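Asks: Got a structure for you, written out below as structure tokens; questions coming shortly.
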């Protein structure tokens, strides 16, 4: 007697199968609850407009055009131009940056290759003699050969855009490394220019030391004549000799500073100490005259390579999160193999040896020990780090520009005041020397005025050097003209809303 199963008995295994499938899906790895917490700071959130506008209005000497990428040529010094070009051509720092660019480009190429179909071919021949005692006389006892030739193809389906996101993240990292190279270029050119200015100041200090030495020698000679005439004592003569010896020491010290500045400049050029011997004395450079556009905050972001690089890294980290999230979802791959196989080379041309295999596959992560969630958490933390570094770079940039503007303004005022002090000290020195020659004034008065004049001249030289150094620092703070001629590395837009991958 045949028993017909009831409908309930038929549905029971199906229900169990559905329940089991639901349980498996519910247990699958999921990205719920994981999202970055950082949000890129918007430009208008950095309160700098009023400060920069006030500094620009108070700095009336800014009259020239915005610095270009070769901003140092605006100083009009051929030797400086040649030194910067030499440094840029042979700097180990730039070579390191170039290597990092090539490495990032190669990594972007690998990420792009993972998205593309692949096709491979292989052929081989093998031979073996199997023992009859193991496989029988039909297969054993003779040396037999087999040959094969096969084509394989694989097509990755990027259903959720994970592979594309990984490629875009690698492209963003490559763009950031290319901008980093421009930042190294700006830093190096600025360092060479500032070292060149320091060398010019060292020579100026040497001139002041020589002038002071001449004044001390003149005062010594006058004192000797007055002692011979019985107008001064030996004590005053010894004081004059001591003052002349002090002037000699300061002259030697100034000469040492010149040699040190030349060696420092040679090191920036990536050359040995002999290169320092061929560096000629710089001519005195007037402080750079730079304008301050009304839309500085917006332009600043497009002109500073460190800010542009930081924005590229934020975008790259966003796409890396998208790539990590895509790993939680089912993926589909298709592989195919086709070829010929036979017992010898001659049998490869036979249609009987033709074989083919098509292998579609669907994969879904179920239990992975938390690996995918840990990876996504790592990418989220990397984005928060990139955002924080971008925010820090942005705020630092505005403050650096404002600081250099205020420094330039203050130094210019100090230079004007110090010039009046020099003029007064020079007139006092001439009058004191004349009075001492005629026996009206004392040696102590002349010596005091001489020291005051040297101090005033030295202070003025330092202020002028600091003023020029601050001008170069302002050029660097403004980005050194980066982005004027080449917009291929322009900073990508940053979304102000929901972080990437959190939707």
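The values are calculated or read from the model by the stated rules, or taken from the named source; none is laboratory data. Here the structure is a predicted model, which means the values were calculated and not measured. No Cβ is skipped: glycine too gets one built from the backbone with ideal geometry, and neighbour counts run over all protein chains shown.
Asks: Residue check: is residue 445 out of contact with any helix residue (DSSP H, G or I) (no Cβ under 8 Å at 6 or more places or on another chain) and either touching a residue at least 40 places away in the same chain (Cβ under 8 Å) or closer than 30 Å to residue 456 by Cβ (or both)?
Replies: The answer is no for residue 445.
Asks: Would you pick out the residues in region 322-345 that are part of a loop (DSSP other than H, G, I, E, B) and under 30 Å from residue 376 (Cβ atoms)?
Replies: To start, the set of residues in region 322-345 that are part of a loop (DSSP other than H, G, I, E, B) comprises 327-330, 343-345.
Selection gives 327, 328, 329, 330.
Asks: Could you check, for region 360-376, whether at least one of its residues is over 40 Å from the mean Cα position of the chain (by Cα) and modelled with pLDDT of 85 or more? Can you show your working first?
Replies: In the first step, residues of region 360-376 are kept if they are over 40 Å from the mean Cα position of the chain (by Cα); the result is 360-364, 366-367.
Subset that is modelled with pLDDT of 85 or more: 360.
Yes, there is a match, as at least one residue in region 360-376 is over 40 Å from the mean Cα position of the chain (by Cα) and modelled with pLDDT of 85 or more.
Asks: Residue 417: within 18 Å of residue 316 (Cα to Cα) and in the same structural domain as residue 467 (by TED's automatic domain parsing), yes or no?
Replies: No: the conditions fail for residue 417.
Residues checked against (1) more than 24 Å from residue 467 (Cα to Cα); (2) touching a helix residue (DSSP H, G or I) at 6+ places or on another chain (Cβ under 6 Å); (3) not in a helix (DSSP H, G or I):
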{"site": "206", "(1), (2), (3)": "no, yes, no"}
{"site": "211", "(1), (2), (3)": "no, no, no"}
{"site": "220", "(1), (2), (3)": "yes, yes, no"}
{"site": "231", "(1), (2), (3)": "yes, no, yes"}
{"site": "236", "(1), (2), (3)": "yes, yes, no"}
{"site": "242", "(1), (2), (3)": "yes, no, no"}
{"site": "251", "(1), (2), (3)": "yes, yes, no"}
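Asks: Take residue 405 and tell me if it is modelled with pLDDT under 85, closer than 30 Å to residue 468 by Cβ and crowded, with 17+ Cβ neighbours inside 10 Å.
Replies: Yes; evaluated as a whole, the condition is true for this residue.
Asks: If I filter region 281-292 for residues that are buried (at least 19 other Cβ atoms within 10 Å of the Cβ) and in a helix (DSSP H, G or I), do I get at least one hit?
Replies: no
Asks: Let me ask another. Consider residue 430 carefully, then state whether it is surrounded by 18 or more Cβ atoms within 10 Å (Cβ to Cβ) and farther than 17 Å from residue 474 by Cβ. Full working, then the answer.
Replies: Numbers: surrounded by 18 or more Cβ atoms within 10 Å (Cβ to Cβ): no; farther than 17 Å from residue 474 by Cβ: yes.
So residue 430 fails the test.
Asks: Anything in region 249-268 that is buried (at least 16 other Cβ atoms within 10 Å of the Cβ) and either over 23 Å from residue 192 (Cα atoms) or not assigned by TED's automatic domain parsing to the domain that holds residue 93 (or both)? List them, or say none.
Replies: Answer for region 249-268, where residues must be buried (at least 16 other Cβ atoms within 10 Å of the Cβ) and either over 23 Å from residue 192 (Cα atoms) or not assigned by TED's automatic domain parsing to the domain that holds residue 93 (or both): 250, 251.
Asks: OK, next. Output the number of the condition that residue 271 fails; it satisfies all remaining conditions of (1) more than 30 Å from residue 121 (Cβ to Cβ); (2) surrounded by fewer than 18 Cβ atoms within 10 Å (Cβ to Cβ); (3) modelled with pLDDT of 75 or more; (4) over 27 Å from the mean Cα position of the chain (by Cα).
Replies: Just one mismatch for residue 271, condition (4).
Asks: Let me ask something else. Out of 187, 246, I need the residue that is surrounded by fewer than 18 Cβ atoms within 10 Å (Cβ to Cβ) and under 17 Å from the mean Cα position of the chain (by Cα). Which one?
Replies: Details: 246 fails: under 17 Å from the mean Cα position of the chain (by Cα).
When all the criteria are applied, what remains is 187.
Asks: Determine if region 435-454 includes at least one residue that is modelled with pLDDT of 80 or more, over 30 Å from residue 237 (Cα atoms) and buried (at least 18 other Cβ atoms within 10 Å of the Cβ).
Replies: Within region 435-454, none of the residues are modelled with pLDDT of 80 or more, over 30 Å from residue 237 (Cα atoms) and buried (at least 18 other Cβ atoms within 10 Å of the Cβ).
Asks: Same structure, new question: Any chance region 77-97 includes a residue that's more than 19 Å from the chain's Cα centre (by Cα), closer than 16 Å to residue 316 by Cα and at pLDDT below 90?
Replies: Checked against the condition, which is being more than 19 Å from the chain's Cα centre (by Cα), closer than 16 Å to residue 316 by Cα and at pLDDT below 90, region 77-97 yields no hits at all.
Asks: Pick from 383, 412, 404: which is assigned to a helix (DSSP H, G or I), within 34 Å of the chain's Cα centre (by Cα) and under 17 Å from residue 304 (Cα atoms)?
Replies: Sole residue among the options that is assigned to a helix (DSSP H, G or I), within 34 Å of the chain's Cα centre (by Cα) and under 17 Å from residue 304 (Cα atoms): 404.
Asks: Yes or no: region 463-472 includes at least one residue that is buried (at least 22 other Cβ atoms within 10 Å of the Cβ), touching a residue at least 60 places away in the same chain (Cβ under 8 Å) and outside any helix (DSSP H, G or I).
Replies: Scanning region 463-472 turns up no residue that is buried (at least 22 other Cβ atoms within 10 Å of the Cβ), touching a residue at least 60 places away in the same chain (Cβ under 8 Å) and outside any helix (DSSP H, G or I).
Asks: Taking the condition modelled with pLDDT of 90 or more and in contact with a strand residue (DSSP E or B) (Cβ under 8 Å, 6 or more places away or on another chain), does residue 121 pass?
Replies: Judged against the criteria, residue 121 is a match.
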